[in-house]
Amino acid sequence: MAQEFPTQAQVVIIGGGIIGCSVAYHLTKLGWRDVVLLEQGQLSGGTTWHAAGLVGQLRSHANMTSLIKYSTQLYTELEAETGLATGWKNCGSLSVARTVDRMTVLKRTAASARAQGVAIEVISPKEAQDLWPVMAIDDLVGAVWLPGDGKANPTDLTQSLAKGARSRGARIFERVRVTGVSVANGAVTGVETDRGAISAEIVVNCAGQWARKVGKMCGVSVPLHSAEHMYIVTGRIEGVHPDLPVMRDPDGYIYFKEEVGGLVMGGFEPEAKPWGMAGIPDDFEFALL
Ligand SMILES: Cc1cc2nc3c(=O)[nH]c(=O)nc-3n(C[C@H](O)[C@H](O)[C@H](O)COP(=O)(O)OP(=O)(O)OC[C@H]3O[C@@H](n4cnc5c(N)ncnc54)[C@H](O)[C@@H]3O)c2cc1C
């Protein structure tokens, strides 16, 4: 049965990618009930659907490490809670160093992660090769191993979070575009959409690469711009299997993960190439560059 479109809500979340659905999931988990999420296309169809799905706890900022540590716990339990699979696979991850300086950085970050309770080991190139046998190690200085890391399916995760939110009362509407954010006395009062206005106490901008445009609707500057991201998907490679850890090689600006018996290899572009200088099309849904 079609849901009645609301005219008011305590919270309106703009955007049904993984972030918007996670906000809805967590607000309802905290007991908020009057939560409405609006997505202009289909859930996860913006950026989320084509993320590689790497979940890595080794971060340069302690808050990010604790956030991703929490995510690994959540992803372990979410399917049992919602009945929707998330594709979470606790395959662990390796980060390798080709220089002494890189190894120093990895060791420092490892010490900080360990202090937050993240399982992490500093290992030799040979030990790294034992975990990732399809790798040559002659140019490696060392590596770190995080057994708690893994990978997930971003679309399935989004649907699972959305289901958890819905089960606790959140109302989620697809194919509804927010066209304006209303403000009075310097505070938000609601949103305008192509299906009518909704008044709200709180509006959360989870519009991903459209967040700058949404911010502009109420005079807020969101310092965010899309950049191109390249990746290669190979055919099957002998020795590559679903439990192969995720591998990051920051000196080579590249990450690797197993997919259907082959590898997805994506770049950490040192000089990111901006995309969408004339604006991001509203209908850029389940689309690639
Ligand atoms: C190739 C690739 C690989 C990646 N790999 C990883 C990875 O391995 N690990 C990782 O953690 N991250 C990865 N990322 C990053 C990750 O995908 C993003 O950080 C994440 O998906 C952002 O989610 P989001 O919800 O903020 O944005 P989105 O998924 O883009 O969601 C925003 C939503 O807002 C909607 N919206 C916008 N404007 C409006 C409006 N006016 N009204 C209604 N709805 C609106 C859009 O339609 C969209 O669905 C990768 C990204 C790419 C491109």
- prompt: Each residue of the stretch 219-226 in turn: what ³J(HN,Hα) in whole Hz from Karplus with 6.51, -1.76, 1.60 and θ = phi - 60°, glycine and Pro shown as x?
  reply: x, 9, 8, 9, x, 9, 9, 6
field: Contact order normalised by residue count of the stretch 47-192, Cα under 8 Å, 6+ apart, percent
entry: 31 percent
query: Can you tell me the Rg and the Dmax, both Å, for the Cα atoms in the chain?
result: 20.9, 64
- line: Projecting the Cα atoms of G56, G83, S66 onto the charge dipole of the chain, where Lys and Arg contribute +1 and Asp and Glu -1 at Cβ, the residue farthest towards the positive end is S66
message: Taking each pair of distinct Cα atoms in the stretch 1-74 once, what is the resulting Kirkwood hydrodynamic radius in Å?
response: 14.3 Å
field: Dipole moment magnitude, nearest 20 debye, the stretch 155-216 about Cα centre, only Lys, Arg, Asp, Glu C-beta charged
entry: 120 debye
- request: For M277, M135, give the ranking by accessible area with the largest first, probe 1.4 Å.
  value: M277, M135
field: Fraction of antiparallel bridges per DSSP, the chain only, in percent to nearest 5
entry: 65 percent
task: Determine the principal axes of the Cα atoms in the stretch 40-112, then give the extent along each, sorted from largest to smallest and rounded to whole angstroms.
output: 45, 26, 22
- request: Could you do me a favour and compute the accessible area per residue for the chain, 1.4 Å probe, result in Å²?
  value: 50 Å²
query: When the Cα centres of the stretch 203-269 and the stretch 49-105 are compared, how far apart do they sit, in Å?
result: 13 Å
message: Can you tell me which of N63, N153, N90 moves the most in a GNM of the chain? Springs connect C-alpha atoms under 10 Å apart.
response: N63
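Could you work out the relative contact order of the stretch 196-289, using alpha carbon pairs under 8 angstrom and six or more residues apart, expressed as a whole percent?
Relative CO of the stretch 196-289 lands at 25 percent.
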field: Nearest-ten-degree value, helix 100-115 long axis tilted from longest Cα axis of the chain
entry: 60 degrees
task: Could you work out the local net charge near P133, counting Lys and Arg as +1, Asp and Glu as -1, over the other residues with Cβ closer than 13 Å to its Cβ?
output: -4
query: Over the chain, what is the mean sequence separation of C-alpha contacts under 8 Å (at least six apart), divided by residue count, expressed as relative contact order in percent?
result: 25 percent
task: Please arrange I18, I123, I202 by accessible surface area, largest first, computed with a 1.4 Å probe and ligands excluded.
output: I202, I18, I123
message: Mean-square fluctuation check for the chain, GNM, Cα pairs under 10 Å: which of A52, A62, A97 is largest?
response: A62
- request: Beyond 25 Å, what share of the Cα-Cα pairs of the stretch 66-176 is found? Please give it as a whole percent.
  value: 40 percent
message: If you take every residue apart from S221 with its C-beta less than 15 Å away from the C-beta of S221, what net charge results, scoring Lys and Arg +1 and Asp and Glu -1?
response: +3
- prompt: Given the stretch 165-243, what whole percent of its Cα pairs are spread farther than 15 Å?
  reply: 70 percent
- request: Taking the Cβ of S44 as the centre, find all other residues whose Cβ is under 11 Å away and add up their charges (Lys, Arg: +1; Asp, Glu: -1).
  value: -4
Nearest-10 value in Å² for the accessible area of D34, using the 1.4 Å probe: 60 Å²
Computed [θ] at 222 nm, helices only, for the chain once each DSSP H run of length n ≥ 4 contributes -39500 (n - 2.57): -8500 deg cm²/dmol
- line: About its Cα centre, the chain carries a charge dipole, from +1 on Lys and Arg Cβ atoms and -1 on Asp and Glu Cβ atoms, whose size in debye to the nearest 20 is 700 debye
- prompt: Share of the chain's accessible area from carbon and sulfur, percent, 1.4 Å?
  reply: 55 percent
- prompt: Under a 1.4 angstrom probe, counting protein chains only, how are H50, H61 ranked by accessible area, largest first?
  reply: H61, H50
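The values are calculated or read from the model by the stated rules, or taken from the named source; none is laboratory data. Just so you know, these numbers come straight off a predicted model, no measurement behind them. FYI the Cβ positions are ideal-geometry reconstructions off the backbone, even for glycines, and counts take in every protein chain you see. Protein only, heavy atoms only, side chains kept; ligands, DNA and RNA dropped before computing areas. Shrake-Rupley method; radii C 1.70, N 1.55, O 1.52, S 1.80 Å.
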